[in-house]
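These notes are about the structure you will find just below.
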Amino acid sequence: MSLIQAPQGESITVVRVAADEKTRKHLQDLGIMSGAQLTPLSFSDGSMIVRVRDSRIAVNRDIAENIIVRKSFVFE
């Protein structure tokens, strides 16, 4: 599923970023890369806020649609 489809408040893992090299590098600098753990916090008209590590980052809808994620499994 794409990041835009991920359930709000649930931990997810980035599978891949399907974007051009410049965008992929920028997202990597923000901590959004394959294997990264994210939590979608809120959605608005054209963007969403995600938690990456201890930061909150705004991602526009077009980019969020190109970030492929899966649900994270937490073992207790």
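Every read-out reported here was derived from the displayed coordinates using simple, explicitly stated rules and does not represent laboratory data. Please read all numbers here as calculations on a predicted model, not as lab measurements. We place every Cβ from the backbone using ideal geometry, glycine too, and count neighbours over all the protein chains shown.
Given the conditions (1) surrounded by 13 or more Cβ atoms within 10 Å (Cβ to Cβ); (2) part of a strand (DSSP E or B), report the number of the one that residue 32 does not fulfil.
The number of the failed condition is (2).
State all residues of the range 35-67 that are among the aliphatic types (A, V, I, L, M) and either free of Cβ contacts under 8 Å to residues at least 12 places away in the same chain or surrounded by fewer than 16 Cβ atoms within 10 Å (Cβ to Cβ) (or both); if no residue qualifies, say none. Walk me through how you get there before you give the answer.
Initially, the range 35-67 is screened for residues among the aliphatic types (A, V, I, L, M), giving 36, 38, 41, 48-50, 52, 57-59, 63-64, 67.
Answer for the range 35-67, where residues must be among the aliphatic types (A, V, I, L, M) and either free of Cβ contacts under 8 Å to residues at least 12 places away in the same chain or surrounded by fewer than 16 Cβ atoms within 10 Å (Cβ to Cβ) (or both): 41, 49, 58.
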